[in-house]
Amino acid sequence: MKISCQYFPYKNIQRIEDIISATVSLLLIKTNVIMERRRHLSREEMLRAVGMIEAGSRQRTVALALNTSQSVISRLWTRYRSTGTVAERHGGRYRCTTRRQDRYIQILTRRAPTITAMILAVRLHHSSGNLISDQTVRNRLHEVKLHSRRPLRVPPIAMHNRRIRYQWALEHRNWAEEQWRFVCFSDESRFGMRPDTRRIRHWRTPGRQQ
């Protein structure tokens, strides 16, 4: 902006320069204030802002009271009117199951501890129409500390079998090394050619034995 001095007396030039300097200073101060304004508000401040607007205050007045910009208050008010809450937008992936569906999975698992994650997913799809993966079912069960474990309890050895084993041990306690070479020992481990070993597993919480 150019100001010609030919239309102003010389004594007014100093006054015009003072006015321009004062205006520039005010602009710099206002710019610094805007830069120092906060862009994020706490939940209490958000609720306070919504209450002030509902009470009839203007968004500009609310922004000045909370030391923030009017755009922040405008977005907050728009979000509150559309969602009914002051919570900010969800940052990650949304849950594909509701709380009711999570409880349904938990109830089925507690009623039938040997049920598989695939069957749980199928039953949930039949009951609610929501198709989820097996891993999602496991994640929901892990949230309530339900994990798939092998059963720890085994049938106890009967007294008759104990006597037979003890008698066998007495008969073979004096065997030589050459005689034991013709004996094949087995620890009853399971070996399978397929990924599915068909072993029955139980869903249980830590510290609980099935």
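Bear in mind these aren't lab numbers, they're just calculated from the coordinates by the rules spelled out. Please read these numbers as outputs of a predicted model, since none were measured by experiment. Don't worry about glycine lacking a Cβ; one is built from the backbone with ideal geometry, like all the others, and counts go over all protein chains shown.
Can you give the FRET efficiency to the nearest 0.05 for ARG110 and ARG43, using r as the Cβ-Cβ distance and R₀ = 30 Å?
On the way: r = 36 Å, r/R0 = 1.18.
With R0 = 30 Å, the Cβ-Cβ based efficiency is 0.25.
Mind running the shape call on the range 98-137? Use the C-alpha gyration tensor, a ≥ b ≥ c as the square roots of the eigenvalues: rounded below 1.5 for a/c, prolate if a/b tops b/c, oblate otherwise. Each step should come with its number before you reach the end.
Details: a/c = 1.65, a/b = 1.23, b/c = 1.35.
Verdict is oblate for the range 98-137.
Kindly state, to the nearest 0.05, the FRET efficiency for LEU64 paired with ARG149, given R0 = 35 Å and r defined as their beta-carbon distance.
0.05
Hey, with R₀ at 25 Å, roughly what FRET efficiency would ARG100 and THR205 work out to, going by the Cβ-Cβ distance, to 0.05?
Values: r = 22 Å, r/R0 = 0.87.
Efficiency at R0 = 25 Å is approximately 0.70.
For ARG149, list long-range residues whose amide hydrogen, built 1.01 Å from N in the peptide plane, is under 5 Å from its own amide hydrogen.
Amide H neighbours of ARG149: HIS202, TRP203, ARG204.
Given the options GLY51, ALA87, ILE73, identify the residue whose Cα lies farthest towards the positive end of the charge dipole of the range 37-87 (+1 on Cβ of Lys, Arg; -1 on Cβ of Asp, Glu).
Value computed over the given set: ILE73.
Using per-residue counts of other Cβ atoms within 10 Å, averaged over each peptide, order 162-175, 64-77 from highest down.
64-77, 162-175
How much length is gained if the chain between MET159 and GLU171 is pulled fully straight, taking 0.36 nm per residue apart and subtracting their Cα-Cα distance, in nm to one decimal? Provide the component values of the computation, followed by the final result.
Numbers: separation 12, 0.36 × 12 = 4.32 nm, distance 1.85 nm.
Full-extension gain reported as 2.5 nm.
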